[in-house]
Structures are given as structure tokens and as C-alpha cells.
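I have placed the structure first, in the form of C-alpha cells, so that the comments after it can refer back to it.
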């Protein structure tokens, strides 16, 4: 089971790797390298306390790689313990190779820790609450979109295993919806089979009247955006292709629509300012315009992702 776990770990499938390590009874291993891998798997599966326990044990033994300090720092950072995170990030920098490519990233994390410490004592702007186990599972739930027509309905994506559907290849995703009923979320239901395929399907948005769904779906080695009118009968597909400039083959991601005439997305295509940049396309005279980079006032050397547009009192506000 160790070899199988290592194979999953190497591909970034930390959930399957952790399952394999547990199946092999390796949780209490004395192998420091394997302990580190199990700690990373726990962290990536949101067991931050379990991961931190392993990393601190490795540090206390004094026979570990400097990278453990970085992983411990990430755990403290996830728990909003920014002073402790700061200490461990600095220990990593002290002990690691001066030429290591992780060093610039760690220096950026130190800045984020400073910002986190400052914001901890600032005015609280929002309240965040987990949606609970009716919606959330040990698998991935992401990309929430609110229904334009029903105030208490949401759509989201998940790679969960669904016994009601055929077994799907590892890593594929379906679209689900759920309603808030008497203050509680109902059990999510997958969208119909003419939308959810055996491959990858991800909701990206709706038309302003709620009659058209935009969703990302696999097409060969790439992905395309399709539209659906919600009016197909069983076995009949009324989907069409989105004709805008969003292309996953050009690094496109995080697509959203606003007011039927604006689409925003992130991309790491050539010609940007660094990592992922934000781009906009406008629908005029029956066609989508060429994607335009939002420029250096928005985009930086770092990643700008997950755009969201909403109306303010007197203007439109961009969050990202």
C-alpha cells in the first residue's frame, strides 16, 4: 500500500494517498519521509491539527528536512496563528538552500502573515459559516453560483462519488443544486444526464433571467463552454457552444458572466503581467469582443484569479 500511496502522492491525489497509507497501517510509521507525506496529506484534506501534530513531532526530533518548517508554518497560517507561522517561515528561510525556488514564495507568505495579523484587529466585514455536512463531503465542493431566479437555491461542483450515477474516472466533476428549506440545506441533487456527463462538468454562470446555464465540459484534451436552456426532455439535448474568447487551451479559468454582456476570466496566456491575469470580453453587435487584459492597475506579477462582479449603490464592483 505504501507504493500505491506514494504514486497517488506524486500526482497530487492526496485523498487517495492518505487512504492508501491508512489501509496499509502506516499512520504510526517511524519513517520520517513517510511521516512528512502523511502530514501533507492530512493538511490537504483539511485535517490541519493532525498535520501540525506530525510536523511538530518531526521538528522536535531534530532530524528532519527544513521543508517541514514551511509545512508547519502553513498549518499555523491556516489557523490564523500568524505569529507562529511567521516564526516557522523564517526558520525555513534560515535552514534552507539560499537558491531554493521556494524562497520567494515564502517571503511573500511572510507579507501575508503580516497582513493577517493587521486584519485580525480590524473591523469585521463579513461572517463566514461552513454550509455543513449536508452539502460538504470529504471530496471537493467548489464554484458556488446562486440561482438568478430562486433566492434560496445554489449550484455547485463536486468530484464526490455518487452511488446513483455510474462509476466515473478519477478526477471528474458533476454539477449539483440544492435549496434552503426552513433554514436548512436540502440534500443536493445532480443535474440531468444531458448536462452531467461521465467526464468533467463545471457550472460557470447563468443568463440574467436564469433561463440559460453556462457550463464547462470536457472535449477531447481540452474544455469548452456549453449553454443549456433547462428545457430539454430526457434524452434530448438542447446544449449549444459558447462563442466567446474563453479557451482553456490558452490557459483560461474561473469564467463568470455579468448582465449577459460581460464575461470575465483569468488566464496565464502569453502577454500577461505575471502569473494568472484577469481578462474581460464584452458582447456587442451580436458577438463577443476579443479578450482584453485588465491592465497593470489590476494585474501584477502574482496570480489574479476568481473574478466576481456585483452592483454597488452607484457603480459596479469587481472582487478578485
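Rule-based calculations on the coordinates, nothing more; no lab input. Given the structure is predicted, the values throughout are model-derived calculations rather than measurements. We place every Cβ from the backbone using ideal geometry, glycine too, and count neighbours over all the protein chains shown.
With an 8 Å Cα cut-off and a minimum separation of 6 or more residues, compute the relative contact order for the chain in percent.
Computed value for the chain: 7 percent relative contact order.
How large are Rg and Dmax for the stretch 1-90 when calculated on the C-alpha trace, in angstrom?
12.7, 38
Principal axis lengths of the stretch 247-311 from Cα atoms, whole Å, largest first?
Principal extents (Cα only, largest first): 33, 27, 18 Å.
What whole number of Å gives the distance from the Cα centroid of the stretch 24-38 to the Cα centroid of the stretch 42-59?
12
In deg cm²/dmol and to the nearest 500, what is the mean residue ellipticity at 222 nm of the chain if only DSSP H runs of at least 4 residues count, each as -39500 (n - 2.57), divided by the residue total?
When only DSSP H runs of four or more count, the value is -9000 deg cm²/dmol.
In µm²/s, what is D for the stretch 1-52 at 4 °C and 1.567 mPa s, where D = kT/(6 pi eta Rh) by Stokes-Einstein and Rh is the Kirkwood radius from Cα pairs?
The estimated diffusion coefficient comes to 124 µm²/s.
For the chain, modelled as a GNM with alpha-carbon contacts under 10 angstrom, which of 280, 68, 181 fluctuates the most?
Highest fluctuation of the listed residues: 181.
Restricting to Cα pairs below 8 Å that are 6+ residues apart, what does the relative contact order work out to for the stretch 2-120? Please round to a whole percent.
16
Which order do the peptides 104-110, 93-99 come out in when sorted by mean C-beta neighbours inside 10 angstrom, highest first?
My ranking of the peptides, most packed first, is 104-110, 93-99.
Measuring from centroid to centroid over Cα atoms, what is the spacing of the stretch 266-298 and the stretch 87-145 in Å?
27
Which value, to two decimals, describes the C-alpha radius of gyration of the chain once divided by 2.2 N^0.38 Å?
Against the compact-globule rule of thumb, the ratio is 1.13.
Running a GNM on the chain with Cα contacts under 10 Å, which residue among 199, 122, 210 ends up with the highest mean-square fluctuation?
Per the Cα network of the chain with a 10 Å cutoff, 122 tops the list.
Taking the chain as the reference, fit the longest principal axis to its C-alpha atoms, fit the long axis of helix 14-23 to the helix C-alpha atoms, and give the angle between the two in degrees, 0 to 90, nearest 10.
50
Compute log10 of I(q)/I(0) for the stretch 75-128 with the Debye formula, placing one identical point scatterer on every Cα and leaving out solvent, at q = 0.17, 0.29, 0.30 Å⁻¹, to two decimals.
The Cα Debye sum returns log10 ratios of -0.56, -1.15, -1.19.
Separation between the residue 208 and residue 313 pseudo-spin-labels, each 7 Å from Cα along Cα→Cβ, expressed in nm?
About 2.3 nm separates the two model spin labels.
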